[in-house]
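The values are calculated or read from the model by the stated rules, or taken from the named source; none is laboratory data. Owing to the predicted nature of the structure, the values given are computational and were not obtained by experimental measurement. Cβ: placed from backbone, ideal geometry, glycine included. Neighbour counts: every protein chain shown.
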4 protein chains.
Amino acid sequence: MNDSRSRVGFIGLGIMGSRMAANLARAGHELTVWNRTVEKAEAWVAEHGGIVAESPAAVGAASDVVISMVVDGAQVEQVLTGAGGVIEGAASDCLCVDMSTIAPGDTRRIGARLAEAGVRMLDAPVTGSSPRAEAGTLTIMAGGAPEDFALAEPLLRVMGDLVVHVGELGQGEVLKLINNAVAAVNATAVGEGMLLADAAGIDLKDFQRVLASGSAGSAMVDLKAKPMREHDYTPLFKLDHMLKDVRLCLEEAQAVGSPFESAGHAREVLAAAAGRGFGEQDFAALIEALEGYAGRRL
Amino acid sequence: MNDSRSRVGFIGLGIMGSRMAANLARAGHELTVWNRTVEKAEAWVAEHGGIVAESPAAVGAASDVVISMVVDGAQVEQVLTGAGGVIEGAASDCLCVDMSTIAPGDTRRIGARLAEAGVRMLDAPVTGSSPRAEAGTLTIMAGGAPEDFALAEPLLRVMGDLVVHVGELGQGEVLKLINNAVAAVNATAVGEGMLLADAAGIDLKDFQRVLASGSAGSAMVDLKAKPMREHDYTPLFKLDHMLKDVRLCLEEAQAVGSPFESAGHAREVLAAAAGRGFGEQDFAALIEALEGYAGRRL
Amino acid sequence: MNDSRSRVGFIGLGIMGSRMAANLARAGHELTVWNRTVEKAEAWVAEHGGIVAESPAAVGAASDVVISMVVDGAQVEQVLTGAGGVIEGAASDCLCVDMSTIAPGDTRRIGARLAEAGVRMLDAPVTGSSPRAEAGTLTIMAGGAPEDFALAEPLLRVMGDLVVHVGELGQGEVLKLINNAVAAVNATAVGEGMLLADAAGIDLKDFQRVLASGSAGSAMVDLKAKPMREHDYTPLFKLDHMLKDVRLCLEEAQAVGSPFESAGHAREVLAAAAGRGFGEQDFAALIEALEGYAGRRL
Amino acid sequence: MNDSRSRVGFIGLGIMGSRMAANLARAGHELTVWNRTVEKAEAWVAEHGGIVAESPAAVGAASDVVISMVVDGAQVEQVLTGAGGVIEGAASDCLCVDMSTIAPGDTRRIGARLAEAGVRMLDAPVTGSSPRAEAGTLTIMAGGAPEDFALAEPLLRVMGDLVVHVGELGQGEVLKLINNAVAAVNATAVGEGMLLADAAGIDLKDFQRVLASGSAGSAMVDLKAKPMREHDYTPLFKLDHMLKDVRLCLEEAQAVGSPFESAGHAREVLAAAAGRGFGEQDFAALIEALEGYAGRRL
């Protein structure tokens, strides 16, 4: 099978998925798409071409490769192996490429269920925000059989500029969870450092400029120091989602006995912020829990 | 007093100091220098011009501005206010610019002692390694009176490309400690994340590439992931020095009641690594403590 | 309904359950019992009287109150609401008293399922080891409707000497989880304190005597200091079970945004010990993870 | 030298010292005493007999054994080796028994200074509150040479009912610091557990009764659960003192590379409470920091 002739399906046209699919369309793929809210699918096709399918099963029937980009494990399970799911329409050599961020255990269970029907699966979660999805410069970490990765790779390279095959099915999700846990730790340290700098009378813009320039520099300094000090929690990545990912990462760590104390602390801070009602806000709102702990506002 | 006519002294010609002073010489300053090991001072003058002074006091007598770049608070105290120190030779409007990393409390105490003799003081610690010292692109965070910063700023800009006045005497040191504590946290998270990735069967070069590209990216991923996975602890910044800085940062945090749990954890990891005998190695050796905790080597 | 005339069933005659049921028998109750391994049930009846039922459903049919004391949520679900479970035989005013330690969420879900069939439920987990089960001096913390507690209380008082109604269905389990999490923290602190005392050259028997006598005294000092220093992990309470309880407690804490950092740390230590293969040993084996972290044996 | 004939001095007649000295007087010792506030010394002698000395040096001159019970390392240093201190009056075989809680490093330094003058030293800090001081039932942990302990032991047994020789000079203090750090951890866990129990709707008196009865039982449950839930911080042991002890314990742990993460967390909680202005209150006020973190009051 040659990728240039693959029939490609896409399920999930949200903020990320619509941009990722658009890049595939621009690269010449005519997609069969499905979205829970059908109006979004119709609008997408009006702009980018392709066909709106009636169900995930219909996407499966019309595609050699089905990409999914939905919200959580329950949705992935529904669209791939649930009633009316891809599994009901897919030919036996169909490849499902799930790019959602879900628990590795869910990925493995769904993959096993698909395998019973002869359908193959790759997990390929991404890092990068919507501008990078738009630009086709996401980072994509994939888990699954080498031949499945080889098949999907040309499609993935249209959506991302760093595409890495990191191991077996589920390992893409494991690395994604670790990535987010490390990000959460870095963001927590930025928040704690800001609280101390502020208590010492240091201007927080100076704090950011200095930290960003050296050994303490991080994406989190660049992205979250400003929203934290301005208490602006416009959601780019929801605190509840970050909390869920850190929790899942700790479950993975516990399963293999790997200590991850720094992520354990980040979880506590995120949970305390969620408990104050900031779960639907951006995870920069973790500063609220730290301020409460310190008894002092920035 | 105009900077272009200032007479400048420099105390401490080690790895960092010799490169910083060289930039001042290249900018046209003829320096009066002193170094504990006199041969180093003589070699430096042979290459860069200037005069070797007999003592810190002699540097003080010959200079309007005296820059110091030594190892710890005890050395700063010795060269500035000890027997034969700058204080014994300096005119009453002399300005001491200490660029060493020491405890803010030591800075304040030394500054108060100098003030009794009419000598002024600025703390101006730096971040950045020896290549950045060589290139004159250090980050410099200064604490002290505005007029003292104004006087020193042209000299500081020769040595650094980000020069920030962050507050009163000692606050430069506070920000430096916070910077290093945040770096230590980020490095700990990288180590913990690597241990989990490795347990999950993920290649550690992939780990680094993926994390570096997104929200978990940090200077510590770029600089320490490789030495950690290779167990190469060639000292760029000694673990004992990092441990000291994190400890001092926690003292500052405790003094104002600002919680910094993530740095508290980093301290434990660093201390456990020091206890295993890695204090003189690079702080990437913190991975040794994490490996011991996990009961597993990378 | 009067307790003295209640017909009582008992499901689960393991180390704890067999002793608890024996106290009920000694108090004059003729029990209808069921155990997964039927031989145990027969041996118990041979000693204590009563009747062996064919199934949990048969226990339900023969009882006004059914007590269960099994291993985990899956077993509780099986014997109460699964195929052949109590729900299939119970009259509509039957009361299930589950004394197992399971997730509060499982308790609530099982209780809701029972309620659909008109069967009531109380959760009443215990603290105390087998000698206290034998002596009828357990601590019992119950959750459920006041009238259900009132009905069960005389039976509970036969098995325990501290019997407390702590709230609604599931809250008994919540308090049990908190109890175990606090115990895990206390045990971790004992282990960490011993490691430091040992490093300082202090005899560990002296350590125990001194700590037990004052403000640092705890059940964990009394019960676990000796097994830790002797590396004797004969299982009284398995490390995997303690780890599970601490994890469930943290899930409860996260759900309400209540920070429990000390338990988060205990979880990491327990998980690292489990990862070294000590999950089936007593949780005193957490000292193994701490020793690995320190790079030093007691 | 026979203890019954030893001449005994006592320095520091505060809440603890006055009661400890009184027990010595009741046992037949005529004490030479000194107190910073001379009125207290005179009042004590009026009640218990003995002689008020003009200075610590005069106590030293009149005594074979000098017991000190003062507030901190600076005071110990002052009364033993400062101007007018015991060292100036003591005969060369005099034994100083310091029962204050201070940093082990201070003890060792003071002991070395005394040794230069031929004066011996034992550290013998205590655990137990003023009622136990009154009753002569303190726990006393002593560090020093065996012959010095043998000499002091009969006196110590008048003041305490558990008297343990735990090693060399300073090790009594080390064990005392560990004791207090473990107590601080246990108290923190009680506070965190209470916050969660409260969020779950569990009555906090029930919480205390249940925890006290089993594996989570501790002196801290018995002593601090009530003040925490009542927000009654009448100082029995000041939060600032507990914070100081935990900090010193962590310094000892760091020096030998022994991880003590649970105490690290307790320190953060105590520091955050101190930062809110509760340093002079009882350390039960740590609940204030936890409440702030959770954003919820008990």
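Structure above, values below:
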item	result
Looking only at region A:161-190, and only at residues there that are touching a Lys or Arg at 6+ places or on another chain (Cβ under 8 Å) and without any contact (Cβ under 8 Å) to a residue 60 or more places away in the chain, the one that is nearest to A:ALA266 (Cα to Cα)	A:VAL190
Boolean, C:ALA142 is surrounded by 21 or more Cβ atoms within 10 Å (Cβ to Cβ), small (Gly, Ala, Ser) and outside any helix (DSSP H, G or I)	yes
Selection within region D:164-195 - outside any helix (DSSP H, G or I) and either under 21 Å from C:LEU177 (Cα atoms) or not aliphatic (A, V, I, L, M) (or both)	D:HIS165, D:GLY167, D:GLU168, D:GLY170
Count of residues meeting criterion [in contact with an Asp or Glu (Cβ under 7 Å, 6 or more places away or on another chain) and more than 8 Å from every other protein chain (Cβ to nearest Cβ)] in region D:152-185	8
Test: C:THR127 is within 13 Å of chain D (Cβ to nearest Cβ), without any contact (Cβ under 8 Å) to a residue 60 or more places away in the chain and more than 30 Å from C:GLU268 (Cα to Cα)	no
Only listed residue being small (Gly, Ala, Ser) and crowded, with 24+ Cβ neighbours inside 10 Å, chosen from A:SER218, A:SER129	A:SER218
Matching residues in region A:282-296 - criterion: being touching a residue at least 60 places away in the same chain (Cβ under 8 Å) and charged (D, E, K, R)	A:GLU291, A:ARG296
Enumeration of residues in region A:191-222 that are within 7 Å of chain B (Cβ to nearest Cβ) and either touching a residue at least 40 places away in the same chain (Cβ under 8 Å) or among the β-branched types (Val, Ile, Thr) (or both)	A:GLU192, A:LEU195, A:ALA199, A:ILE202, A:VAL210
Top-ranked residue of region A:265-298 - restricted to ones that are charged (D, E, K, R) and more than 8 Å from chain C (Cβ to nearest Cβ), ranked as surrounded by the most Cβ atoms within 10 Å (Cβ to Cβ)	A:GLU288
Failed item in (1) more than 22 Å from the chain's Cα centre (by Cα); (2) more than 11 Å from chain B (Cβ to nearest Cβ); (3) of a type in the set (S, T, N, Q), with D:SER258 passing the rest	(2)
Residue in region C:229-236 that is of a type in the set (A, V, I, L, M), out of contact with any helix residue (DSSP H, G or I) (no Cβ under 6 Å at 6 or more places or on another chain) and either more than 9 Å from chain A (Cβ to nearest Cβ) or in contact (Cβ under 8 Å) with a residue 60 or more places away in the chain (or both) present	yes
Single unsatisfied condition, D:VAL269 versus (1) in contact with a Ser or Thr (Cβ under 6 Å, 6 or more places away or on another chain); (2) closer than 23 Å to C:ASP222 by Cβ	(2)
Candidate set: region B:157-215, residues that are basic (Lys, Arg) and farther than 19 Å from A:SER218 by Cβ; chosen: the one surrounded by the most Cβ atoms within 10 Å (Cβ to Cβ)	B:ARG157
Boolean, D:ALA115 is surrounded by fewer than 24 Cβ atoms within 10 Å (Cβ to Cβ), in contact with an Asp or Glu (Cβ under 9 Å, 6 or more places away or on another chain) and not in a loop (DSSP other than H, G, I, E, B)	no
Scan of region A:64-104 for residues that are among the hydroxyl-bearing types (Ser, Thr, Tyr) and closer than 23 Å to A:PRO154 by Cα, ordered by number	A:SER68, A:SER92, A:SER100, A:THR101
Test: residue in region C:147-154 that is within 25 Å of C:ALA273 (Cα to Cα) and of a type outside the set (D, E, K, R)	no
Some residue of region B:170-178 being under 14 Å from the mean Cα position of the chain (by Cα) and among the β-branched types (Val, Ile, Thr)	yes
Single unsatisfied condition, B:CYS249 versus (1) at the interface with another protein chain (Cβ under 9 Å from one of its Cβ atoms); (2) over 22 Å from B:LYS176 (Cβ atoms); (3) hydrophobic (A, V, I, L, M, F, W, C)	(2)
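Yes or no, residue by residue, for (1) crowded, with 22+ Cβ neighbours inside 10 Å; (2) at pLDDT 95 or above:
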residue: D:ARG5; (1), (2): no, no
residue: D:GLY12; (1), (2): yes, yes
residue: D:GLY17; (1), (2): yes, yes
residue: D:ARG26; (1), (2): no, yes
residue: D:VAL38; (1), (2): no, yes
residue: D:ALA41; (1), (2): yes, yes
residue: D:VAL45; (1), (2): no, yes
residue: D:SER55; (1), (2): no, yes
